[in-house]
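Read-outs: derived from the displayed coordinates by stated rules, not from any lab. Just so it is clear, the structure is predicted and the values come from calculations on it, not from any experiment. Here the Cβ positions follow ideal geometry from the backbone for every residue, glycine too, while neighbour counts run over all protein chains shown.
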Amino acid sequence: MTILKDILDYKRIEINEFKKRHSYADFEVESDFSQKKGLFSSSLKSKRPGIIAEIKKASPTQGLICPDF
């Protein structure tokens, strides 16, 4: 589990550095968070099934998953 701990430690540092340089308002504008939030909540209310998926070329623990990604 040291790989996951290392990733979490690095991300905490990265997030803290980001917070020093940007306000929450900057984040909302930069990511267009408000629009995405509306799309997400409307999709949850929909009666149609939805899919949340992730495609990964590599994994921290498994290494390269798909070489011709």
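Odds and ends about this structure:
- The modelled label-to-label distance between Ile15 and Gln62, using points 7 Å beyond Cα along the C-beta direction, is 2.5 nm.
- Residue-by-residue Karplus 3J(HN,Hα) for segment 7-23, coefficients 6.51, -1.76, 1.60, Hz, glycine and proline x: 5, 4, 4, 5, 5, 4, 5, 4, 5, 4, 5, 4, 5, 5, 9, 9, 8
- Cross-link pairs beyond the 29 Å C-alpha cut-off, checked among Lys19/Lys56; Lys5/Lys56; Lys5/Lys47; Lys11/Lys56: Lys5/Lys47
- Computed E for His22/Phe69 - FRET, C-beta separation, R0 35 angstrom, nearest 0.05: 0.70
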